[in-house]
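Some notes on the structure that comes next.
Read-outs throughout are calculated quantities, based only on the coordinates presented, and are distinct from any laboratory measurement. As the structure is a computational prediction, the values presented were derived from the model and not from experiment. Don't worry about glycine lacking a Cβ; one is built from the backbone with ideal geometry, like all the others, and counts go over all protein chains shown.
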Amino acid sequence: MNYSSELLSDKPLVIVLIGPGGVGKGTIARNLIGRDSRLWLSRSWTTREPRPSENGTEYYFVSRDTFEEGIAEGKFLEWAEFNSNLYGTPHPSVPNEYDVVLEIEIHGAIQVAEHYPDAVIIQIQPPDVETLTERLRGRGDSETHVAQRLSTTPWETEKGKEIAHYQVVNDDLERATSQIISILEELRSTRNPSN
Ligand code: ADP
Ligand code: 5GP
């Protein structure tokens, strides 16, 4: 799918990173924020427990009751159930001059694209399935969790290809991040040639 759209310079770019669990979406998102001072990272809500490797800032970790209250109050731009947990993006309030990055799964990305037809969807791909498996294990995921994640990878990859505007292989973190920054620079210059 080619990205072609008339973007208005006063609206933030909405950048959506998708890809199978363990491919490095979260790592790339943090790297992007560190390298591009015009990016603002949305913080999602989830009902899953924090991982031992997490420090509690990765998400708003909430109970299912609290999440369901959020749904009833219309708090979310999108939400979805993934591996028996709920995940949702609050309606973003992006500071002036910033573009927003969302790191979400496919069903959520489809909802975002319905809400923001100009959203730019970037599919992050692993170099190969062995590397993906190693990254899941390296992150400390249990073998059950690794198997569960790998079982949905082919579907996520195929569906992702249908909705993505760009595909980026996360072989080397800095290279992949640079490729995304180049994509964003190009989109910004199309949107506002004086940038
Ligand atoms: P996701 O958010 O897609 O589930 P993570 O960002 O949690 O994936 O990354 C999964 C694991 O892979 C983490 O341990 C992370 O440090 C590691 N990782 C991410 N990108 C790379 C890379 N380019 N090379 C090596 N390891 C990586
Ligand atoms: P994890 O539990 O590994 O942090 O995330 C599981 C999946 O949920 C990943 O594919 C991640 O991108 C996705 N995810 C994280 N936040 C959100 C969100 O706000 N909405 C949706 N739909 N998916 C999310």
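Label residue 30 and residue 186 with points 7 Å out from Cα along Cα→Cβ: what is the distance between them in nm?
2.9 nm
Near residue 75, which lysines are there with a Cα under 22 Å away, not counting those fewer than 8 places off in the same chain?
11
By its C-alpha gyration tensor, with a ≥ b ≥ c as the square roots of the eigenvalues, how is segment 73-195 shaped: rounded for a/c under 1.5, else prolate for a/b larger than b/c, else oblate?
oblate
Per DSSP helix of 4 or more residues, -39500 (n - 2.57); summed, then divided by the residues of the chain. What does that give at 222 nm, rounded to the nearest 500?
-13000 deg cm²/dmol, from helical runs alone.
How high is the relative contact order of the chain, in percent, counting Cα pairs under 8 Å that sit 6 or more residues apart?
33 percent
Using the basic label-point model (7 angstrom from Cα toward the beta carbon), what is the residue 73 to residue 147 distance in nanometres?
Result for the modelled spin labels: 4.0 nm.
Of all DSSP beta bridges located in the chain, what percent are antiparallel, nearest 5?
Rounded to the nearest five, the antiparallel share is 30 percent.
Could you tell me the calculated FRET efficiency between residue 130 and residue 96, based on Cβ-Cβ distance and R0 = 35 angstrom, to the nearest 0.05?
0.20
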